[in-house]
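The values are calculated or read from the model by the stated rules, or taken from the named source; none is laboratory data. Since we're looking at a predicted model, the values are computed, not measured. Every residue, glycine as well, gets a Cβ built from its backbone with ideal geometry; the counts of neighbours run over all protein chains shown. These accessible areas exclude ligands, DNA and RNA; they are computed on the full protein's heavy atoms, side chains included. Shrake-Rupley method; radii C 1.70, N 1.55, O 1.52, S 1.80 Å.
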Amino acid sequence: LGHLLNYYDRQALSVLKSTLGTEFGITNVQYSWLITAFMAPYVVMYLISGRLVDKYGSRIMLSLFIAVWSAATLLMGLVNSLMGLLLCRVLLGIAEPGVFPATQSVLVKWFPAHQRGFASSLVAPASILGAVIAPPLIAFLASHYNWRLSFILPGVLGLILAAVWWRAD
């Protein structure tokens, strides 16, 4: 579920580009800032998150990564400015890459060597599924309810997931 939410969260901005552009008066240049605000810390955190998982463990770090990116997603549904969106995108970029080394660590700890390939094959499709279901789900939520719900709902689900991981062993 973490990988599914991870890929859902990163799709929401692009699906809602025109809606947010109208709501906040975002130009194409400012939209590029939102993309960069996510991608720059994302690249840097790929280098750091694995070390954090090694130092503090997969349970703690996966819980923290999911909680931070879920809070950022939820807050994106509550902000009222471009600056608020930018800050949320930075938080999202800081937290999202950590799911990959943390998940690999979990697979190594929870599955014997002869089952890790299969276990890994169950995790990978969740990313693809998140990317596939996100656009129509985001569009549905935005058109039938409110664009803000497209961020708030997965944010709340992610915070619940973070609490579940915190209790996992």
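Here are some residues: Leu122, Leu141. Which one is of a type in the set (A, V, I, L, M, F, W, C) and at pLDDT below 90? Don't jump to the end; show me each part of the working.
Values: Leu141 fails: at pLDDT below 90.
Being of a type in the set (A, V, I, L, M, F, W, C) and at pLDDT below 90 holds for just one of Leu122, Leu141, which is Leu122.
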Some residue of the stretch 101-112 being part of a helix (DSSP H, G or I), over 25 Å from Val43 (Cα atoms), modelled with pLDDT under 90 and open to solvent by 70 Å² or more (accessible area, probe 1.4 Å): yes
Residues within the stretch 77-87 that are open to solvent by less than 50 Å² (accessible area, probe 1.4 Å) and either part of a helix (DSSP H, G or I) or acidic (Asp, Glu) (or both), tallied: 4
Residue ranges of helices (runs of 4 or more DSSP H) in the stretch 2-76 with at least 1 members among the acidic types (Asp, Glu): 2-15, 17-24, 28-56
Subset of the stretch 1-34 that is among the β-branched types (Val, Ile, Thr) and open to solvent by less than 80 Å² (accessible area, probe 1.4 Å) - its residue that is farthest from the chain's Cα centre (by Cα): Thr27
Selection status of Val90, outside any loop (DSSP other than H, G, I, E, B), within 25 Å of Ala163 (Cα to Cα) and touching a Ser or Thr at 6+ places or on another chain (Cβ under 7 Å): no
Candidates Ala37, Ala72 - the one that is of a type in the set (Gly, Ala, Ser) and surrounded by fewer than 22 Cβ atoms within 10 Å (Cβ to Cβ): Ala37
When residues of the stretch 120-158 are limited to those that are in contact with a helix residue (DSSP H, G or I) (Cβ under 7 Å, 6 or more places away or on another chain) and either of a type in the set (D, E, K, R) or open to solvent by 70 Å² or more (accessible area, probe 1.4 Å) (or both), the one farthest from Ser14 (Cα to Cα): Leu157
Residue that is nearest to Val15 (Cα to Cα), among those in the stretch 159-169 that are open to solvent by 70 Å² or more (accessible area, probe 1.4 Å) and modelled with pLDDT under 95: Val164
